[in-house]
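The values are calculated or read from the model by the stated rules, or taken from the named source; none is laboratory data. Just so we're clear, the structure is a prediction, and the values are computed from it rather than from any experiment. When we count neighbours, we look across all protein chains shown, and the Cβ atoms used for this are built from the backbone with ideal geometry, even at glycine. These area figures cover heavy atoms from the full protein model, side chains too; ligands, DNA and RNA do not enter into them. Shrake-Rupley method; radii C 1.70, N 1.55, O 1.52, S 1.80 Å.
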Amino acid sequence: MPLEPEPRLDVSVVIPCLDEEAGVGAVVDDAWAGIEASGRSGEVIVVDNGSTDRSVEVASAHGARVIHEARRGYGSAYGRGLAEARGEVIVMADADGTYRLDTLTAFLDAIDDGADLVLGSRFRGTIHPGAMPWLHRHIGNPVLTAILNAFFGVRVSDAHCGLRAIRRSALLRLDLRATGMEFASEMILKAAKRRLRIGEIPIDYYARHGESKLSTFRDGWRHLRFMLVYSPTYLFLVPGGFLLALGALVLAVLAGGPVTILGRPWQIHAMIAASTATLVGAQILQLGLFARSYAVLYMGDHEPVLERLWQRVRLEHGLLAGCLLLLAGGAMLVLVFAEWAGGGFGALRREHESLLGLTLVGLGVQTVFASFFLSLLGLRKDVLAERASARVAGERRELSGARH
Ligand SMILES: Nc1nc2c(ncn2[C@@H]2O[C@H](COP(=O)(O)OP(=O)(O)OP(=O)(O)O)[C@@H](O)[C@H]2O)c(=O)[nH]1
Ligand SMILES: [Mg+2]
């Protein structure tokens, strides 16, 4: 987002608006009143996306700077509005009259007190009758908020509240890209990743004017999808690790032949399932590792364990591990073949051993090729060294600052 680096006002109120002629005028008035009550300098920006009603006229008549964005969507509108904002602090609000901006001073005070991002919380405040449908109030918002908290290690009570404030310097670090309603989740999860300070203020939520632009399932899915894509730990590492561990355990138990557990014989079918789980689990884990590495190397994510791994583990280590797996699996297959040949290629009952050998060969091949792919991603490994030396330089500066 090409944000202007120098703020020229204390506060910008940015309001996305799509066909909200019934609400936008009062919201703009409310924003000006909030700015005045706070005693700060400010501006009110309304971002239109091709409204077909009188929203633009109404917003302008009430003194808003109206900006037009061609790309549709709540996130696209904010991307543009935030880039145009000139305030030191940016306050975000909807155009439908659901939020009151007499709370603006409280948001600005919270930023003055050290928060980088301040979220309104409807759940800790008051949701007035008719403001939020039952499904959103009791299922959609709480469940998606809980997922965001679990995935990204935050503790917010209302991840989708449209009334929030952010410090300009914090916004510059977020690199927001979402185009739809998932923009609301993106702000929080990226703030968490950059370790920004997130505050909350209980607020009132009123019934909206005009028609809702929120589509329950489409937008709910967009939030969920976005969180999954940004959380490879949950998308890849948890299911991959689970499948690999379960598969490997069953393979180990059944390696020598059928086993009786809980009074039932476990035979080749369980072994086939375990082999599939092992290979699929390993594959998902590798994809997770690719995704995390990409995020660390190319998207500026910070993950100490992975960064250390990247600096210590080389392509040759991966190739060695892959070859060892290949050798172990290959040796088992050779032994089975030798027994078969020794018996004159007659009947052979070594399914368990063969399957274990084949699974190890499969894992070996995957590991070899995954290692090559990782080393391709690692062409940008220099950024880690640069980041590390920048950190050391920063620490030195702090130390010498402390000494003076
Ligand atoms: N410019 C622009 N604004 C949008 C777009 N979609 C939604 N908005 C605005 O973003 C704000 C939030 O959308 P709402 O429809 O109120 O969504 P919501 O607040 O989650 O749902 P409700 O509780 O039903 O109001 C409103 O001011 C909309 O006018 C869009 O595509 N472009
Ligand atoms: Mg709304």
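Some observations on this one:
- Stokes-Einstein D (µm²/s) once Rh is taken as the Kirkwood radius of the range 232-396 over alpha-carbon pairs, at 4 °C in 1.567 mPa s: 72 µm²/s
- Across the range 9-229, the convex hull enclosing all Cα atoms gives 105 Å³ per residue.
- In order along the range 143-156, phi translates into HN-Hα couplings of 5, 5, 5, 5, 5, 4, 4, 5, 5, 10, x, 10, 9, 9 Hz, rounded to whole numbers, per the Karplus curve 6.51 cos²θ - 1.76 cosθ + 1.60 with θ = phi - 60° and x for Gly and Pro.
- Gain upon complete extension [E57, I139; 0.36 nm per residue less C-alpha separation]: 25.8 nm
- Both radii were evaluated on the Cα set of the range 1-119; the Rg over Rh quotient, with Rh as the Kirkwood radius, amounts to 0.95.
- Nearest-20 debye value, the chain charge dipole, Cβ charges on Lys, Arg, Asp, Glu: 1520 debye
- For Y205, residues with placed amide H under 5 Å, excluding near neighbours: T126, I127, H128
- Per residue, the chain exposes 50 Å² of solvent-accessible protein surface, assessed with a 1.4 angstrom probe and all protein chains in place.
- Around V118: net Lys/Arg minus Asp/Glu count, Cβ-Cβ under 10 Å: -1
- In the range 9-229, the DSSP beta bridges split such that about 25 percent are antiparallel, to the nearest 5.
- Debye equation applied to the C-alpha atoms of the range 55-186, log10 I(q)/I(0) at 0.12, 0.17 Å⁻¹: -0.52, -1.09
- Surface composition of the range 218-370: carbon and sulfur atoms hold 72% of the protein heavy-atom accessible area at a 1.4 Å probe.
- E21, E182, ranked by accessible area, largest first (probe 1.4 Å): E21, E182
- For the range 327-341, 3J(HN,Hα) per residue [Karplus equation, 6.51 cos²θ - 1.76 cosθ + 1.60, θ = phi - 60°, Hz, x = Gly/Pro]: 5, 4, x, x, 4, 4, 5, 5, 4, 4, 4, 4, 5, 5, 4
- Built amide H within the under 5 Å cut-off of V11, gap 5+: S41, G42, E43, E88, V89
- Estimated translational D of the range 142-191 in µm²/s (Stokes, Kirkwood radius over Cα pairs; 20 °C; 1.002 mPa s): 188 µm²/s
- For the chain, alpha-carbon Rg and Dmax in angstrom: 28.2, 96
- Our estimate of slack between A26 and S215, defined as 0.36 nm per intervening residue step minus the Cα-Cα distance, is 65.6 nm.
- Given charges at Cβ of Lys, Arg, Asp, Glu: the chain dipole, positive-most of I139, L287, V56: L287
- When the charge dipole of the chain is built from unit charges on Cβ atoms (+1 for Lys and Arg, -1 for Asp and Glu) and taken about the Cα centre, the candidate among G330, I188, A245 whose Cα reaches farthest toward its positive end is G330.
- Extending 7 Å from Cα along the Cβ direction at L320 and again at V365 yields two label points whose distance is 2.5 nm.
- Each stretch of four or more DSSP H residues adds -39500 (n - 2.57); spread over every residue of the chain, this sum gives -18000 deg cm²/dmol at 222 nm.
- Using the empirical formula 2.2 N^0.38 Å as the baseline, the Cα radius of gyration of the range 251-334 reaches a ratio of 1.53.
- Integer Hz, Karplus 6.51/-1.76/1.60 couplings in order for the range 199-206, x for Gly and Pro: x, 9, 10, x, 9, 8, 10, 9
- For G300, no residue 5 or more places off, or on another chain, has a built amide H under 5 Å of its own.
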